[in-house]
Amino acid sequence: MTADALLTPAQRAFLVGARTIVLATIAPDGRPRLLPICFVVGEAERPLVIHTPLDEKRKSVADPRHLERVTDILARPAVGLLAERWSEDWSEIGWLRLDGVAVLVEPGPDEHRAGVAALRAKYAQYATHHLEERPIIRIVVERTRGWGVLGARAGQG
């Protein structure tokens, strides 16, 4: 890992390869609020940026800006992320925890367009979603911590 990198190459590959991660926001009463999310990792090592959409899957509110995760982030932008691998073979388990600061990115800027393009490249399901019309969340990662096997599993390339 270079002096400026937050992730080792194995940790980065583990994170990029994950299909979902868990987002933790802070609810108004101070409790953590956990939610599995789809996401993409930016190409730069610093700042390490993650984007997650406010997609069109069924939601409890019509306007994505009123989702609990969004109101949490707007009031308390500190967030946590967890990528993990479970196996009955405990020699193969591992996790990566990331702490960061989240903001809402409204449609329009180049960052929003690039995030939407990356999300569509990773998740075929987003081909029919109107992500360009909805905000996305940007998380700038400040700290990381990993444990266990974060490279390829035994027998994988």
Residues to consider are Val103, Val61; find the one that is within 24 Å of Ala18 (Cα to Cα) and of a type in the set (A, V, I, L, M, F, W, C). Val103
Consider segment 106-121. How many of its residues are farther than 19 Å from Ala13 by Cα and in contact with a Pro (Cβ under 6 Å, 6 or more places away or on another chain)? 1
Looking only at segment 12-32, which residues are touching a helix residue (DSSP H, G or I) at 6+ places or on another chain (Cβ under 8 Å) and over 23 Å from Tyr123 (Cβ atoms)? Ile26, Ala27, Pro28
Where residues in segment 63-120 are without any contact (Cβ under 8 Å) to a residue 40 or more places away in the chain and among the small types (Gly, Ala, Ser), which of them is farthest from Val49 (Cα to Cα)? Gly108
What number of residues in segment 97-121 are under 24 Å from Gly146 (Cβ atoms) and in contact with a Leu (Cβ under 6 Å, 6 or more places away or on another chain)? 2
Can you pull out the residues in segment 1-11 that are surrounded by fewer than 16 Cβ atoms within 10 Å (Cβ to Cβ) and either of a type in the set (A, V, I, L, M) or within 20 Å of Tyr126 (Cα to Cα) (or both)? Met1, Ala3, Ala5
Residues of segment 12-65 that turn out to be surrounded by fewer than 17 Cβ atoms within 10 Å (Cβ to Cβ), in a strand (DSSP E or B) and more than 14 Å from the chain's Cα centre (by Cα), as a count: 2
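Each value in this text was obtained by applying a stated rule to the coordinates, not by laboratory testing. These numbers come from a predicted model, not from an experiment. Counting neighbours? That spans all protein chains shown, and the Cβs are built from the backbone with ideal geometry, glycine included.
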